[in-house]
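Below is one structure, written out as structure tokens, with a few remarks after it.
The values are calculated or read from the model by the stated rules, or taken from the named source; none is laboratory data. If you're wondering where the values come from, they're calculated on a predicted model, not measured in any experiment. Note that each Cβ is placed from the backbone with ideal geometry, even for glycine, and that neighbours are counted across all protein chains shown. Accessible surface is based on the protein model in full, side chains and every heavy atom, while ligands, DNA and RNA are left aside. Shrake-Rupley method; radii C 1.70, N 1.55, O 1.52, S 1.80 Å.
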There are 2 protein chains.
Amino acid sequence: MAKRAERPGDPAKLIGLLWRPTEAVSRSGLTPKVITRAAIALADQEGIDALTIRRVAGDLGVSTMALYPYIAGRSELLELMLDAVAAEVYAHTTPPAQAGQWRTRIEHIAQANWDHHMAHPWTVDIAAGRPVPGPGVSGKYETELSALDGLGLSDIEMDQTLTAILGLVSNAARETISLRRIRQESSLTDTQWWESVGPSLGKAMAGASYPVARRVAASLGEATGLATDPEGAFRFGLGMLMDGLGTLIGARGRHTL
Amino acid sequence: MAKRAERPGDPAKLIGLLWRPTEAVSRSGLTPKVITRAAIALADQEGIDALTIRRVAGDLGVSTMALYPYIAGRSELLELMLDAVAAEVYAHTTPPAQAGQWRTRIEHIAQANWDHHMAHPWTVDIAAGRPVPGPGVSGKYETELSALDGLGLSDIEMDQTLTAILGLVSNAARETISLRRIRQESSLTDTQWWESVGPSLGKAMAGASYPVARRVAASLGEATGLATDPEGAFRFGLGMLMDGLGTLIGARGRHTL
DNA sequence: CAATGTATTGTACTGCGTAAGAAGCATGAC
DNA sequence: GTCATGCTTCTTACGCAGTACAATACATTG
């Protein structure tokens with residue numbers, strides 16, 4: 001946490017980087033694409049906290065400041081990374097036929113985004129700025145909107161439906177990834193952790209009574225062994241959302257969980 | 001971005017801080033509560049990036065290291081802050097009668113959480129860790145689950161429904177706050193920004209064609225003057241979600257937008 | 001009033017993004 | 001082949017973060 005001097009970032013420069021990347025190879029072999037790829041690989045393996053300019057430069061075998069002419073700064077690099085991975089979201093899947101059921105299409109979108117977040121966990125950590133869509137993000141948006149086109153929704157409703165779907169996915173992904181990270185770092189299993197924490201928590205909470213919360217937490221613990229089940233919540237929420245969408249467009253979808 | 005040495009943090013200590021805060025006032029007048037309050041005030045006004053231990057200590061008129069005996073470290077302070085504001089979410093609202101319509105109750109929850117995020121924008125920036133619920137969070141959870149109790153949902157479904165609702169809210173809040181921040185920082189209005197960016201973007205995108213995306217973006221721009229409308233998406237998504245919930249529990253709710 | 005233990009402070013370490021200027025290297029002109 | 005030109009790359013240094021560690025100031029007890 002707590003960022004250091006990060007210049008505002010020039011939008012025009014960013015657009016250039018996104019849409020017209022320099023292909024010319026200079027004497028070190030650096031290009032925005034090469035740097036972005038190295039940065040993505042690093043972030044995939046070690047998380048954004050490990051993604052420092054120094055480290056990326058080190059991985060590429062050049063000095064820290066050598067990167068700055070190609071990427072404008074750290075925040076621009078993050079945008080380049082986001083756009084690059086966005087271009088891959090639907091690259092390795094065969095989309096269901098456009099004529100197919102809309103529920104299938106939506107589930108395909110949700111699943112692809114889920115897989116995307118799981119493959120690149122750092123994508124849930126980046127706070128979106130003023131959106132400057134690059135080719136990857138634009139293509140992804142186009143693909144997703146197309147799946148919602150022709151259902152009888154207005155343009156605005158299409159966008160809002162998509163936002164809701166992607167929001168459910170990214171929320172669940174964020175929580176799942178957060179849990180996974182903590183498990184890796186703490187070297188304690190969930191059971192061990194609860195055993196160490198449970199007693200003192202029970203003692204501390206003595207007196208306060210949360211009847212419904214206690215009942216629900218107990219049920220959750222029995223069913224999933226965890227205090228929280230983000231992926232389950234996501235699939236359930238998506239089902240409800242699609243039911244609501246079915247009602248809205250009069251297509252009478254059935255809830256499938 | 002990029003955090004520095006942040007110890008893992010002792011869960012047991014955190015539980016103690018959350019549930020049995022030291023009331024004893026030492027010679028400087030410091031207590032966890034006082035520090036937490038100061039930190040919240042600072043974060044509310046200047047954002048989490050401004051929330052440094054040094055700064056909080058300065059605001060309280062003590063040296064940096066004086067805080068460490070009371071809060072265990074920065075991450076524990078964040079947890080204390082989150083729990084403290086969670087306790088306030090429903091403090092200043094009169095909840096609708098339990099006997100009332102469930103849609104009203106859910107809308108009340110969503111609205112309270114929306115207001116909460118708007119009052120404390122930093123709440124959308126904090127990555128959740130392994131959940132160690134304090135009294136504030138627990139009380140909030142209890143209140144929210146109670147609003148969903150008795151609708152015929154299973155315990156797990158209640159939790160998942162709540163997760164979906166709160167997810168929609170926090171996503172929309174995150175985007176809204178992000179946009180607001182950028183507007184404040186860039187000192188350019190949205191119109192000015194688009195005027196500066198639009199032309200080069202248009203030129204860059206020449207050749208690529210995104211028919212649906214272009215149409216939808218145009219509609220969005222006309223309707224809201226913006227490329228994105230998080231709050232609208234949130235209200236629309238919530239409506240759909242509640243419609244789906246209505247279908248599920250057979251209560252036949254009507255979509256109200 | 002002295003002794004003791006804790007609350008507080010000062011100093012220092014490491015690591016970050018990046019500004020500024022020095023140095024290195026490829027390229028074209030003669 | 002030699003050399004000036006101009007971009008590329010590297011070195012150095014600044015400011016600021018969290019917090020470890022040791023020294024100091026203070027309140028309390030006898």
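Observations
- Within segment A:158-178, the set of residues being more than 7 Å from chain B (Cβ to nearest Cβ) and not polar (S, T, N, Q) comprises A:LEU162, A:ILE165, A:LEU166, A:VAL169, A:ALA172, A:ALA173, A:ARG174, A:ILE177.
- Residue ID - surrounded by the fewest Cβ atoms within 10 Å (Cβ to Cβ), chosen from residues in segment B:231-249 that are more than 7 Å from every other protein chain (Cβ to nearest Cβ) and more than 13 Å from A:THR247 (Cα to Cα): B:GLU231
- Looking at segment B:1-102, the helices (runs of 4 or more DSSP H) lying wholly inside it that each contain 1 or more residues that are modelled with pLDDT of 90 or more, over 24 Å from the mean Cα position of the chain (by Cα) and near DNA strand C (Cβ under 9 Å from one of its atoms) sit at B:53-60.
- Residues satisfying the stated conditions in segment B:179-204, i.e. among the β-branched types (Val, Ile, Thr) and either facing chain A (nearest Cβ under 7 Å) or under 30 Å from A:PHE236 (Cβ atoms) (or both): B:ILE182, B:VAL197
- Scanning segment A:72-124 for residues that are away from chain B (no Cβ under 14 Å), touching a Leu at 6+ places or on another chain (Cβ under 8 Å) and within 26 Å of A:GLY237 (Cα to Cα) returns a single hit, A:GLU107.
- Pick from segment B:62-82, criterion of a type in the set (Gly, Ala, Ser) and in contact (Cβ under 8 Å) with a residue 24 or more places away in the chain, ranking: nearest to DNA strand D (Cβ to nearest atom): B:GLY73
- If you go through segment A:45-61 and keep only what is among the small types (Gly, Ala, Ser) and within 15 Å of DNA strand D (Cβ to nearest atom), you end up with A:ALA57, A:GLY58, A:GLY61.
- Sub-7 Å Cβ pairs linking a first residue in segment B:19-31 that is of a type in the set (Asp, Glu) to a second residue that is away from DNA strand D (no atom under 11 Å from the Cβ), at least 6 apart or interchain, are B:GLU23/B:THR31, ordered by first then second residue.
- Selection from segment B:120-158 of residues that are open to solvent by 50 Å² or more (accessible area, probe 1.4 Å), in contact (Cβ under 8 Å) with a residue 24 or more places away in the chain and in a loop (DSSP other than H, G, I, E, B): B:GLY152
- A:LEU67 vs. criteria over 22 Å from A:GLN160 (Cβ atoms) and buried (at least 21 other Cβ atoms within 10 Å of the Cβ): yes
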